[in-house]
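A quick write-up on the structure given underneath.
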Amino acid sequence: MTIRTVKTTPIEGQKPGTSGLRARTKKFMEPNFLENFVQSIFAGVGGVEGKTLTLGGDGRYFNKRAIQTIMKMAAANGAARIVVGRDGILSTPAASAVIRARKTDGGVILSASHNPGGETGDFGIKYNIPAGGPAPEGITDAIYANTLQISDYRILDAPDVDLSADGESVLGDMVVEVIDPVAIYADLMRSLFDFDAIRDLFASGFRMRFDAMHAVTGPYATAIIEGELGAPKGAVVNAIPLPDFGGGHPDPNPVYAKALMDEMFGADAPDFGAASDGDGDRNMVIGRNCYVTPSDSLAVLAANAHLAPGYAAGLAGVARSMPTSRAADRVAAKLGIGSYETPTGWKFFGTLLDAGKATLCGEESAGTGSNHVREKDGLWAVLLWLNILARRRQSVAEIMSAHWAEYGRDYYSRHDYEGVDKAAAEGLMDHLRNQLASLPGQTVEGMTVTAADDFAYTDPVDGSKASKQGVRVTFGDDARLVFRLSGTGTVGATLRVYMERFEADPAKQSEETQAAIAPVIRAAAALAGIRTRLGRDGPDVMT
Ligand code: VG1
Ligand code: CO
């Protein structure tokens with residue numbers, strides 16, 4: 001087996017976004033695209049000589065090929081060992097769990113998460129640090145800098161490694177260790193939750209539907225929910241990961257998980273419904289006739305986490321991304337624990353989790369997680385909900401109304417304008433930024449602006465800074481409006497408009513969401529000039 005050094009030149013478009021590098025699958029399959037980025041990761045982390053790396057992905061098209069390439073490159077760059085999920089499969093939270101449990105020197109995760117997969121879909125890759133979380137910006141910047149000056153990469157000329165059975169083999173001087181993708185993760189879940197109480201819940205006739213959306217969570221959910229917790233066979237649907245996710249959009253929200261929504265709002269609906277995304281780090285939670293927004297879910301989990309053994313001692317603090325509603329802050333205030341507001345993207349929670357400042361973290365985009373790993377974790381959130389339901393023995397709807405009666409309700413919705421012209425979207429953001437100084441004190445749609453800024457963040461642990469993280473317009477405690485451009489898309493731009501309105505009166509807490517936030521929607525349209533600037537009459541997706 002010989003190591004080849006292959007000449008290459010920088011390729012445009014390799015700047016990591018909110019969560020790693022994402023691009024069209026076809027782009028990733030072009031000569032040197034993957035290789036350039038992988039060699040740049042290795043360079044950006046100070047080389048991989050003698051190191052052990054975790055490796056796996058969500059099983060989407062090109063996953064297996066990319067894994068073979070990465071292993072051969074790791075071997076050629078002197079890595080000592082690769083710990084890889086069987087068949088190249090590891091969900092994002094499981095990869096984080098493996099990095100931590102096996103104390104590997106970081107890991108490489110292949111996924112474009114909620115973006116559609118397949119040959120005509122998207123592919124992605126990201127590096128996670130030894131703590132198990134996504135690389136912070138200092139490292140992604142170094143990786144990107146390397147992509148701009150790369151002149152060659154190293155790869156071992158060798159046959160492919162068989163990844164279909166657990167065990168060790170060698171690739172040049174490097175050991176390849178194939179592991180069960182579920183075992184380490186399942187052990188961790190067992191250590192956090194009251195599996196006996198959840199088993200009793202299922203034994204009492206509690207009915208659940210988990211939609212794995214043909215993505216990576218299928219094997220995990222089947223093993224844990226049906227296998228260990230005793231939910232009837234068939235509780236987990238769309239459980240076999242497919243390279244193109246069955247042609248679907250593996251994003252667990254009311255729009256893309258419509259079949260589950262219909263079932264949960266239909267006659268004879270199960271007690272509890274859930275779904276997860278392409279790489280298993282997102283979750284959607286629904287009760288019978290009761291959709292729970294991710295922002296509310298974070299708040300409810302924070303208020304009830306002590307019912308699970310892993311969190312019985314209480315929480316150190318709760319962190320949320322800036323566009324996530326303020327519902328979790330209300331719980332933190334009542335519990336007398338810290339609350340933190342970070343830029344969008346899980347990488348910003350890592351320092352707070354490492355420093356023991358936050359125990360739970362969440363994002364409005366259906367991401368919730370805790371200090372058990374350093375990624376958001378879809379199935380974990382579902383299991384925590386199950387643990388709470390098993391202990392409280394109330395319906396999801398009852399839990400929600402009791403929560404709102406106690407803390408007030410933050411009606412919340414996000415409107416996405418997808419695939420819009422990039423220059424127009426940037427122009428819209430500039431237009432908003434130009435108004436910021438004059439907004440406070442103005443009344444828009446009957447609401448008075450109390451603050452307006454472009455969110456800038458200084459990490460309270462390591463002092464690192466991030467700026468231009470989204471324009472926010474605050475109307476006191478009553479309402480809030482946030483605008484930002486997506487950093488995970490691969491074509492054009494996507495404008496995200498996040499809207500919330502607070503309602504303290506329990507008698508007014510059961511309105512339809514879009515109606516409840518109507519003045520905030522109108523304020524957004526007026527301030528941003530969405531229709532004229534983007535040429536769109538309405539959003540493509542409302543969650
Ligand atoms: C989106 C979400 C963000 C999330 C990110 C990665 O980013 O808004 O909250 O952290 O996706 O999630 P953006 O920049 O498109 O708004 V995942 O599950 O796609 O890794
Ligand atoms: Co994801």
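Here GLY345 fulfils each of the conditions (1) within 14 Å of ligand 2 (Cβ to nearest atom); (2) on the phi < 0 side of the Ramachandran plot apart from (2).
For segment 7-32, a residue qualifies if it is within 27 Å of ASP87 (Cβ to Cβ) and either among the aliphatic types (A, V, I, L, M) or buried (at least 21 other Cβ atoms within 10 Å of the Cβ) (or both), and the qualifying residues are PRO16, SER19, GLY20, LEU21, ARG22, ALA23, THR25, PHE28, MET29. Of all residues in segment 429-463, those satisfying the criterion of being assigned to a loop (DSSP other than H, G, I, E, B) and under 25 Å from TYR412 (Cβ atoms) are LEU439, PRO440, GLN442, GLU445, GLY446, VAL449, THR450, PHE455, ALA456.
Let's see how each residue does on (1) part of a helix (DSSP H, G or I); (2) within 25 Å of the chain's Cα centre (by Cα):
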site: GLU226; (1), (2): yes, yes
site: PRO232; (1), (2): no, no
site: PRO243; (1), (2): no, yes
site: GLY246; (1), (2): yes, yes
site: HIS249; (1), (2): no, yes
site: PRO254; (1), (2): no, yes
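Starting from residues that are hydrophobic (A, V, I, L, M, F, W, C) and assigned to a loop (DSSP other than H, G, I, E, B), keep the ones in segment 101-156 and report whichever is farthest from GLY85 (Cα to Cα). This residue is LEU148.
So for segment 182-204 (the condition being touching a strand residue (DSSP E or B) at 6+ places or on another chain (Cβ under 8 Å) and in a loop (DSSP other than H, G, I, E, B)), does at least one residue qualify? No, there is no match, as no residue in segment 182-204 is touching a strand residue (DSSP E or B) at 6+ places or on another chain (Cβ under 8 Å) and in a loop (DSSP other than H, G, I, E, B).
When the criteria are applied in full, ASN283 fails the requirement of being at pLDDT below 95 and either more than 18 Å from HIS403 (Cα to Cα) or among the charged types (D, E, K, R) (or both).
Filtering segment 75-86 to residues that are under 11 Å from ILE179 (Cβ atoms) and either within 16 Å of ligand 2 (Cβ to nearest atom) or not hydrophobic (A, V, I, L, M, F, W, C) (or both) leaves GLY85, ARG86.
Picking from residues in segment 245-293 that are within 16 Å of ligand 1 (Cβ to nearest atom) and among the hydroxyl-bearing types (Ser, Thr, Tyr), the one that is farthest from LEU201 (Cα to Cα) is TYR256.
For beta carbons closer than 7 Å, sequence separation of 6+ or different chains, a first residue in segment 276-298 that is at positive phi and touching a residue at least 60 places away in the same chain (Cβ under 8 Å) and a second that is within 16 Å of ligand 2 (Cβ to nearest atom) and of a type in the set (Ser, Thr, Tyr), the qualifying pairs are GLY280/SER91; GLY280/THR92; GLY280/THR217; GLY280/TYR220.
Out of the residues in segment 374-400 meeting the condition of being within 16 Å of ligand 2 (Cβ to nearest atom) and closer than 15 Å to VAL318 by Cβ, tell me which one is farthest from the chain's Cα centre (by Cα). Checking each candidate, the answer is ALA381.
Residues that are among the hydrophobic types (A, V, I, L, M, F, W, C) and either over 19 Å from GLN394 (Cβ atoms) or outside any helix (DSSP H, G or I) (or both) within segment 299-316 comprise ALA308, ALA312, ALA313, LEU315, ALA316, listed in sequence order. All of ASN289, ASN371 fail the test of being more than 16 Å from ligand 2 (Cβ to nearest atom), among the polar types (S, T, N, Q) and in contact with a Leu (Cβ under 8 Å, 6 or more places away or on another chain), apart from ASN371.
For segment 205-224, taking the residues that are in a helix (DSSP H, G or I) and small (Gly, Ala, Ser), the one that is farthest from GLY57 (Cα to Cα) is identified as ALA223. On inspection, ASN253 fails the criterion of being polar (S, T, N, Q) and modelled with pLDDT of 95 or more.
The rows are residues; the columns are (1) of a type in the set (D, E, K, R); (2) under 29 Å from ASP200 (Cβ atoms).
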site	(1), (2)
ILE388	no, yes
GLY419	no, no
ARG433	yes, no
SER438	no, no
ALA452	no, no
LYS465	yes, no
GLY470	no, no
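In segment 7-27 there is no residue matching the filter, namely being part of a loop (DSSP other than H, G, I, E, B), under 24 Å from ASP162 (Cβ atoms) and either out of contact with any strand residue (DSSP E or B) (no Cβ under 6 Å at 6 or more places or on another chain) or not assigned by TED's automatic domain parsing to the domain that holds GLY369 (or both). Check whether at least one residue in segment 60-74 is of a type in the set (D, E, K, R), under 29 Å from HIS249 (Cα atoms), within 16 Å of ligand 2 (Cβ to nearest atom) and not in a strand (DSSP E or B), and report yes or no. Taking every residue of segment 60-74 in turn, at least one turns out to be of a type in the set (D, E, K, R), under 29 Å from HIS249 (Cα atoms), within 16 Å of ligand 2 (Cβ to nearest atom) and not in a strand (DSSP E or B). Taken together, the criteria place ALA239 among residues that are among the hydrophobic types (A, V, I, L, M, F, W, C) and either more than 16 Å from ligand 2 (Cβ to nearest atom) or more than 22 Å from the chain's Cα centre (by Cα) (or both).
This table checks each residue for (1) out of contact with any Gly (no Cβ under 8 Å at 6 or more places or on another chain); (2) among the aromatic types (Phe, Trp, Tyr); (3) surrounded by fewer than 16 Cβ atoms within 10 Å (Cβ to Cβ).
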| residue | (1), (2), (3) |
| --- | --- |
| SER413 | yes, no, no |
| GLY419 | no, no, yes |
| ALA423 | yes, no, yes |
| GLY427 | yes, no, yes |
| HIS431 | no, no, yes |
| THR443 | yes, no, yes |
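The values are calculated or read from the model by the stated rules, or taken from the named source; none is laboratory data. Because the structure is a prediction, the values reported are computed rather than measured. As a convention, Cβ positions derive from the backbone with ideal geometry for all residues, glycine included, and neighbour counts pool all protein chains shown.
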